[in-house]
Amino acid sequence: MVSRNLKVNTIAREDWFPGLKTGILSSLKTLPAIIYLLFVTLFLSAQTAPGLLDPEGPEHPAKFPPEIVSRAAVLMDAETGTVLYAKNPDEPIPPASLTKLMTIHIALNEIDAGRSSPDEIISLPQESWAVNQPPRSSLMYLAEGHIVSLRELLLGLAIPSGNDAAVAVALRFSPTVQEFVDRMNAEARRMGLKETRFVEPSGIDENNMTTAMEFTALCREYIKRHPDSLRDFHSVMELAYPRTANVAPELRSTVATWRQRNHNPLLTSFEGTDGLKTGYIDESGYNIALTAERQGTRFVAVLLGARTARLRDADGQKLLSWAFENFKTLRPDFGVIEPVRLWKGKAKFAELTIDEAPEFTVPVDRGDKLWLSTEIIDPLIAPVPDRFQVGNLILSDAQGELRRIPLLTAREYEKGNFFKRIWDSLRLFFRK
């Protein structure tokens, strides 16, 4: 039985790290390639640390979340995807007007692809007029003959939550509303959302369905794909429509402009809030998708099924306050990862890489000063497949280990010729 004594090379830095140095495992008797790779895989998997945030720790801030009354809620670090709070995260609940985020998302995708422009003037089919929307609809007040840009329609979706604007956008990008809904559902599947489904683009129908966990994931991707939408649409406080430019010249002297405020009160009451959307229908109650950023850390929260708007908004403020008080996003710069010695291979060194994003979430009192160490299999003997784990990159602070990231080979490394293998075998023998 082969044994190893692990040595970890720990490096303290005042700043981030210009490069990585490797720790060394004790020498390893040469094994046949298959047995060697299998043993290494089992060893590294056993060494891999559990998830970053351990709510089982008695002093962990996740042990003391706020009490909320909404039926379901999820709070997530928007950059890392780390879930910090969940209540009934998988309960299916109609999203109500949160549905409009998917409608906006598809429109912004069309703009990003160059198939449309925010300044494009959109024709308004009869189905999109305000007078033809279902009873109790929230409206932008589109009407026959209006001259309206796509940007104005997106503002109409984000601020007054206009169901008429949702129909107008749907019919701009698909021949029928149903075909646009098919696109919404296809996009939900692409995002990996299994329980989320849509039957129309505004959210008024109770048969639209989502969960707090899935809609939080949708919001996270939406923010990553369309970060400017927070400034351009979701944090805009008021929409005045129609203006004189939106109606025919002969009607401009009598135009009646509706001024409607953004339905998200946390935009003005909670520091850093810049989105996203509110919603209500009888079947779901009061819903909200929230995001806020402070000092480089952004959180996203989805709350579904509150009895009143006041309770919903209070829950949102509690969750975001708790998040900023207890967590932050770290973005370590690893610099250049140095290659490691490869024995019995065509190449003398193996280039290393990481597949995981460097950003991660930590308690707010952790990570101000970081130590870096690595674990590397030594000797690393060819052949070695592409993306094979040969070690771990370990980040720690004064309180202990924070995170492990697998170190992987950047490509496949083949074994060397007969003489190279014999020579390296001799060197390894005497190195012991």
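Within the range 330-344, identify whether any single residue is in contact with a Ser or Thr (Cβ under 6 Å, 6 or more places away or on another chain), touching a residue at least 24 places away in the same chain (Cβ under 8 Å), crowded, with 21+ Cβ neighbours inside 10 Å and not β-branched (Val, Ile, Thr), and answer yes or no.
No, there is no match, as no residue in the range 330-344 is in contact with a Ser or Thr (Cβ under 6 Å, 6 or more places away or on another chain), touching a residue at least 24 places away in the same chain (Cβ under 8 Å), crowded, with 21+ Cβ neighbours inside 10 Å and not β-branched (Val, Ile, Thr).
Report, by residue number, each residue of the range 193-226 that is in a loop (DSSP other than H, G, I, E, B) and within 17 Å of ILE106 (Cβ to Cβ). Once the filter is applied, which keeps residues that are in a loop (DSSP other than H, G, I, E, B) and within 17 Å of ILE106 (Cβ to Cβ), the range 193-226 yields LEU193, THR196, PHE198, VAL199, GLU200, PRO201, SER202, GLY203, ASN208, HIS226. Scanning the range 364-381 turns up no residue that is polar (S, T, N, Q) and either in contact with a helix residue (DSSP H, G or I) (Cβ under 9 Å, 6 or more places away or on another chain) or within 19 Å of GLU79 (Cβ to Cβ) (or both). Checked against the criterion of being in contact (Cβ under 8 Å) with a residue 40 or more places away in the chain, among the β-branched types (Val, Ile, Thr), closer than 16 Å to LEU239 by Cα and outside any loop (DSSP other than H, G, I, E, B), the range 111-123 has no qualifying residue.
Within the range 363-373, not a single residue is within 30 Å of TYR85 (Cα to Cα), charged (D, E, K, R), part of a helix (DSSP H, G or I) and within 29 Å of the chain's Cα centre (by Cα). Cβ-Cβ contacts under 9 Å between residues 6 or more apart (or on different chains), taken from a first residue in the range 354-371 that is touching a residue at least 60 places away in the same chain (Cβ under 8 Å) and under 19 Å from PRO406 (Cβ atoms) to a second residue that is among the basic types (Lys, Arg) and in a loop (DSSP other than H, G, I, E, B), are listed as GLU359/ARG331; PHE360/ARG331; LEU370/ARG13; TRP371/ARG13. Taken across the range 306-328, residues that are basic (Lys, Arg), closer than 30 Å to SER70 by Cβ and either touching a helix residue (DSSP H, G or I) at 6+ places or on another chain (Cβ under 7 Å) or in a strand (DSSP E or B) (or both) do occur, with at least one present.
Filtered by the rule that a residue be touching a Ser or Thr at 6+ places or on another chain (Cβ under 7 Å), more than 16 Å from ARG312 (Cα to Cα) and in contact (Cβ under 8 Å) with a residue 24 or more places away in the chain, the range 246-278 gives a lone residue, ASP274.
Conditions (1) over 25 Å from HIS234 (Cβ atoms); (2) of a type outside the set (D, E, K, R); (3) at pLDDT below 95, marked per residue:
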| residue | (1), (2), (3) |
| --- | --- |
| ASP54 | yes, no, yes |
| GLU59 | yes, no, yes |
| ALA62 | yes, yes, yes |
| ILE68 | no, yes, no |
| ASP77 | no, no, no |
| THR82 | no, yes, no |
| SER97 | no, yes, no |
| LYS100 | no, no, no |
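Taken together, LEU218, LEU193 contain a single residue that is closer than 29 Å to ALA113 by Cα and crowded, with 21+ Cβ neighbours inside 10 Å, which is LEU218.
The values are calculated or read from the model by the stated rules, or taken from the named source; none is laboratory data. If you're wondering where the values come from, they're calculated on a predicted model, not measured in any experiment. Methodologically, a virtual Cβ is constructed for each residue, glycine included, from the backbone with ideal geometry; neighbour enumeration extends over all protein chains shown.
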